[in-house]
Amino acid sequence: MTAIKIRVGADPRGKSTPLFLDLFCRSLIILCTFLSVILSSIAVCDGHWLLADRRMFGLWYFCSLEEQQGSVLGSQSFKASSNCTRHLEEAGVDGLGVGLASCRFVITLAVVSAIFGLELLVMSQASEGRDSSRRWTLGARLVLLAGVMAAAGIASFVLLLGAFATLLGFTLTFWCQFTATFLFFLNGMAARHIQHIEPLLPFSGHPDKL
């Protein structure tokens, strides 16, 4: 009598099953990347990053501030005077115009890179197989590149205005860019490493069992 080994259905080892945890992590990465793009876009478009000595240093222009006496409990506030200028050399810092122009260029490229990376991450979820994996990998690299360029832009801004920079002098839009840069790095690294996570098999026992 000959024993016959019977295998029912396809081999589950060669089958890739999407898991809830994997889909949840990828969706969370896409959502956080989208939020970081919004934060970085707001920070770049506004451009008011540093307030020091009644002067506002921005990515796009420099403004002098004048003190205004408030009407409520004698409070004081500041408002921008009409002598805002795009000639940043008038701030009294050597090389500020060229330095901030480079800073603007690098951070703008970072936002563009993050937008294209986000698009590839989303498109990868609408495709399957190798195309999906390639798009996800390329999107993760673009988001990580955006983090590197954004960090370089922030570092150059701080170095250029180090003589005026204080922790309380940085504005809300600067901290928006700082947060977006951190999220670019975090999402880029997470998107790269999620490709190496092996999905858990949705079965138990031994498939080769007689």
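The values are calculated or read from the model by the stated rules, or taken from the named source; none is laboratory data. Small disclaimer: the values here were computed from a predicted structure and weren't measured. For the accessible areas, the whole protein counts, side chains as well, though only heavy atoms, and no ligand, DNA or RNA atoms are used. Shrake-Rupley method; radii C 1.70, N 1.55, O 1.52, S 1.80 Å.
Observations, loosely collected:
- Karplus (6.51, -1.76, 1.60) ³J(HN,Hα), θ = phi - 60°, over the stretch 22-37, in Hz, Gly and Pro reported as x: 5, 5, 5, 5, 5, 5, 5, 5, 5, 5, 5, 5, 4, 5, 5, 5
- Apolar share of the accessible surface for the stretch 116-197: 69 percent from carbon plus sulfur atoms, 1.4 Å probe.
- With a 1.4 Å probe rolled over the protein heavy atoms of all chains, the accessible area of M149, M123 falls in the order M123, M149, largest first.
- Probe 1.4 Å - accessible area at V112, Å² to nearest ten: 60
- Exposure of S41 as accessible area (Å², to 10), given a probe of 1.4 Å and all protein chains: 40
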